Amino acid sequence: MAVDKALVEEQIEKIRPRLQADGGGIELKEIQDDGTVIVELQGACRGCPMAGLTMASQVECVLKENVPGVTKVVNVA
């Protein structure tokens, strides 16, 4: 099943303010055929030791729950 890019972007827009509040950001880089969504955490989130938790609890969880076909989310940074 193809993942709806517009829906992924919509969900990222909902997540973005939480990251910006801590000086970070997020950008969608790619959606692969297997449902993997590749993002880049930016700003303060880029080297943060909590980036893995942010990816799991905020980004991946939200995308998997709200976008059909998303199998995992990977940070390229």
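Here are some notes:
- Count - residues of the stretch 56-70 that are crowded, with 19+ Cβ neighbours inside 10 Å and in contact (Cβ under 8 Å) with a residue 24 or more places away in the chain: 4
- Residues in the stretch 1-55 that are within 19 Å of residue 65 (Cβ to Cβ), open to solvent by 60 Å² or more (accessible area, probe 1.4 Å) and in a helix (DSSP H, G or I): 5, 6, 9, 10, 13, 14, 17, 18, 53.
The values are calculated or read from the model by the stated rules, or taken from the named source; none is laboratory data. Bear in mind that the values here come from a model prediction, so they are computed numbers and not experimental data. Glycine gets a Cβ as well: all are built from the backbone with ideal geometry, and neighbour counts include every protein chain shown. These accessible areas exclude ligands, DNA and RNA; they are computed on the full protein's heavy atoms, side chains included. Shrake-Rupley method; radii C 1.70, N 1.55, O 1.52, S 1.80 Å.
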